[in-house]
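A.B. asks: Quick one: this structure, given as structure tokens, is what I'll be asking you about.
The values are calculated or read from the model by the stated rules, or taken from the named source; none is laboratory data. Note that the structure is a prediction, hence the values are computed from the model and not measured. For accessibility, only protein heavy atoms count, side chains too; no ligands or nucleic acids. Shrake-Rupley method; radii C 1.70, N 1.55, O 1.52, S 1.80 Å.
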Amino acid sequence: MALLEIIPAHFSFRRAIALYMQRRALRTLPDERLRDIGRSRSEVEREAKRPVWDAPEHWYSS
């Protein structure tokens with residue numbers, strides 16, 4: 001399967017970079033802050049490992 005076949009139509013490099021940076025920042029939060037937002041370290045690690053084109057479509061509806 002070619003990469004272009006799995007990248008959604010709403011994908012843009014600007015959004016991909018922003019999403020990458022958000023996921024990277026989330027990964028650096030201490031466990032206390034993760035508890036504040038109701039997330040576990042394992043959830044954050046799983047999210048951080050997702051590819052940048054793997055985001056819910058409603059994130060791009062703005």
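A.B. asks: Find the residue count for region 16-62, including only residues that are more than 12 Å from the chain's Cα centre (by Cα), modelled with pLDDT under 95 and open to solvent by less than 70 Å² (accessible area, probe 1.4 Å).
C.D. replies: 1
A.B. asks: Can you tell me which residue is least open to solvent (accessible area, probe 1.4 Å) among those in region 1-15 that are among the charged types (D, E, K, R) and modelled with pLDDT of 75 or more?
C.D. replies: If we take residues in region 1-15 being among the charged types (D, E, K, R) and modelled with pLDDT of 75 or more, then 15 is least open to solvent (accessible area, probe 1.4 Å).
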